[in-house]
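Notes to accompany the following structure.
The values are calculated or read from the model by the stated rules, or taken from the named source; none is laboratory data. Keep in mind the model is a prediction, meaning the values are calculated, not measured. For neighbour counting, all protein chains shown are included, and Cβ atoms are generated from backbone atoms with ideal geometry for every residue, glycine included. Please note that ligands, DNA and RNA were not included when accessible areas were found on the heavy atoms of the full protein model with its side chains. Shrake-Rupley method; radii C 1.70, N 1.55, O 1.52, S 1.80 Å.
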Amino acid sequence: MSKVVLITGASRGIGAATAKLLAQRGYNVAINYVKNADAATDVANEIKQNGGMCDTFCADVTNECDVIQLFNDVESRLGPVTHLVNNAGILFKQSTLSDISLERFLNTVNGNLTSTFLCAKEFIKRCPSDGAMVNVSSGAALSGAPFEYVDYAAAKGAVDSLTRGLALEVAERGIRVNAVRPGLIYTDIHRDGGEPERVDRLKEKIPLKRGGQPIEVANSIAYLLSDDASFITGKILDVTGGI
Ligand code: NAP
């Protein structure tokens, strides 16, 4: 059976790098996005020019109906989803907890945790016995992201717990569930947090003395999805340059 990977939020950043890498490794790649159709198409065109198989899928992964439709659409256009990367994530402007509104808190939880829950639920209903998924958490789950985005950190901490619990629930079926916790990676998410140059400001605090590139996270995701990680489940890999 061919390997079909669904990557949520693959129009840019870590998701786009993962899509290109997994296409090179022989997966049929479902590139999900929510707003940025042009960017998703650019990722797909690059994959196809290099001989890979992929398609783009617009869906809001915080919405249950969208998620069910997404899995149905991927199945009819590329084949049943055998691998999942729960990568889509959001954060909002840097702030202290006392300035975070309830509306923002709930949006943050939905964009990082509810999305992971919904896609994981749909995936394990349908995936084969050797299926594997990787959740994209964050180093913020451990740091707590004080004065920046405690809401985001809390949602990612819950992604870690979901990873562990789900892994133990489905282990007997042979399905593996792991996560990565990226550190400071050069992507547009920092612009959304209100500080596009955040990685450069903080990079001296990283033991390796530099920010990470999306491909460096993609490499870890690809490893955890692959048979090279066949005896690893319920684990979280820090991709943080030593933090
Ligand atoms: P990014 O460049 O901001 O890209 C976010 C992606 O998520 C985009 O493809 C976006 O689609 C998609 N997305 C957002 N909400 C969505 C929704 N409701 N439904 C479907 N897709 C949605 O982010 P990134 O930096 O690559 O981050 C990827 C993951 O790594 C996230 O989970 C993030 O929390 C995590 N992470 C990043 C860093 C870092 O330093 N960059 C560090 C730790 C963890 P559109 O383009 O259509 O909007």
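Here are a few things to note about the model shown:
- If you go through the stretch 62-83 and keep only what is out of contact with any strand residue (DSSP E or B) (no Cβ under 7 Å at 6 or more places or on another chain) and in a loop (DSSP other than H, G, I, E, B), you end up with 62, 63.
- Answer residue from the stretch 148-177, given it is buried (at least 17 other Cβ atoms within 10 Å of the Cβ) and assigned to a loop (DSSP other than H, G, I, E, B) and is nearest to the ligand (Cβ to nearest atom) among those: 149
- Taken over the stretch 35-49, the residue count meeting the criterion of being among the basic types (Lys, Arg) and within 17 Å of residue 88 (Cβ to Cβ) is 1.
- Check on residue 145, in a helix (DSSP H, G or I), of a type outside the set (Asp, Glu), farther than 22 Å from residue 176 by Cβ and within 13 Å of the ligand (Cβ to nearest atom): no
A quick yes/no check of all residues on (1) in a helix (DSSP H, G or I); (2) not aliphatic (A, V, I, L, M):
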{"residue": "1", "(1), (2)": "no, no"}
{"residue": "5", "(1), (2)": "no, no"}
{"residue": "14", "(1), (2)": "yes, no"}
{"residue": "18", "(1), (2)": "yes, yes"}
{"residue": "22", "(1), (2)": "yes, no"}
{"residue": "44", "(1), (2)": "yes, no"}
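- Residue 180 meets each of the listed conditions (1) assigned to a helix (DSSP H, G or I); (2) within 12 Å of the ligand (Cβ to nearest atom) apart from (1).
- Per the conditions (1) within 24 Å of residue 199 (Cβ to Cβ); (2) free of Cβ contacts under 8 Å to residues at least 40 places away in the same chain, the sole criterion not satisfied by residue 12 is (2).
- Residues (open to solvent by less than 30 Å² (accessible area, probe 1.4 Å) and assigned to a loop (DSSP other than H, G, I, E, B)) located in the stretch 129-142: 131, 137, 138, 139
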